[in-house]
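The values are calculated or read from the model by the stated rules, or taken from the named source; none is laboratory data. Quick caveat, the model's predicted, so the values are computed rather than measured. Backbone-built Cβ (ideal geometry, glycine too); neighbour counts: all protein chains shown.
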Amino acid sequence: MEEVKLYGMWASLYAKRVEMALKMKGIPYEYIEEDLMNKSEKLLSCNPVYKKSPVLVHHEKPVSESLIILEYIDETWNCPPLLLPKDPSQRAKVRFCTNFIDQQMIPLIREIYKFEGEQQEKIVKEFSKIGTVDFCGGETPGLLDIVFCSVFGIHKGDGSSGVREFEMDANPLLFKWLNSPRDLPVVKEISPPHEAFSALLKQFRAISLQSSTKT
Ligand SMILES: N[C@@H](CCC(=O)N[C@@H](CS)C(=O)NCC(=O)O)C(=O)O
């Protein structure tokens, strides 16, 4: 019997991507909700370097960092659907894209939340350049779809945060990519409750705006 535990946080996009992979592969797991303001001893001991969630614990062995966890899942449960392509050059391309999303796109999204008006528009324009990155999609949803969906697909923006980068008409190139994985039942299953998530985004927006006026 496999023993799989996931230490996550209900609104964390990083935890959501791990949940998506586990569900797509049909791997049963126990989910443990972490209070990030008061992290458990278990989380701290499993991820002593970054002290962040998510952490996957498989037979008492911890794995941290969501992209590494996704690859661990694919290698350990080497059953369909395979998350990474077989061809090494395609694998390299997927890794390039997922790193690009985490290192370039997510920080840019955080920046967008810090500003209003013209300043925000400037950053949003920067964001649309992302359309020039040649994201590679496989025949069936895989690792890149999971990562992309965790950032853009789980929550349909309703404009309440004051930022429009999540909205379809504001960024058609980006959203063309999302059409199929967003409709996967697994994405619907793991999506956080809309109202609670919107409230959290509003809170994040208020804190981000405040921090930018202080600096
Ligand atoms: N690079 C990490 C990022 C994980 C991350 O930022 N987790 C956040 C929750 S969304 C966290 O644990 N924050 C608590 C903290 O930074 O103290 C990954 O991919 O897993």
Restricting to the stretch 73-101, and then to whatever is surrounded by 18 or more Cβ atoms within 10 Å (Cβ to Cβ) and within 12 Å of the ligand (Cβ to nearest atom), can you tell me which residue is nearest to Lys5 (Cα to Cα)? Thr98
Looking at the stretch 21-55, which of its residues are within 10 Å of the ligand (Cβ to nearest atom) and crowded, with 18+ Cβ neighbours inside 10 Å? Glu34, Leu43, Asn47, Lys52, Ser53, Pro54, Val55
Which of the residues that make up the stretch 21-48 are outside any helix (DSSP H, G or I) and in contact with a strand residue (DSSP E or B) (Cβ under 8 Å, 6 or more places away or on another chain)? Ile27, Pro28, Tyr29, Glu30, Tyr31, Ile32, Glu33, Glu34, Ser40, Asn47
Lone qualifier among Glu71, Glu2 - being at pLDDT 95 or above and either among the acidic types (Asp, Glu) or not in a strand (DSSP E or B) (or both): Glu71
Residues of the stretch 5-20 being part of a helix (DSSP H, G or I) and within 13 Å of the ligand (Cβ to nearest atom), which ones? Leu13, Tyr14, Ala15, Lys16, Arg17, Val18, Glu19
Hey, does the stretch 54-75 have a residue that's free of Cβ contacts under 8 Å to residues at least 12 places away in the same chain and over 27 Å from Leu200 (Cβ atoms)? yes
Within the stretch 56-68, the count of residues that are part of a helix (DSSP H, G or I) and near the ligand (Cβ under 7 Å from one of its atoms) comes to 2
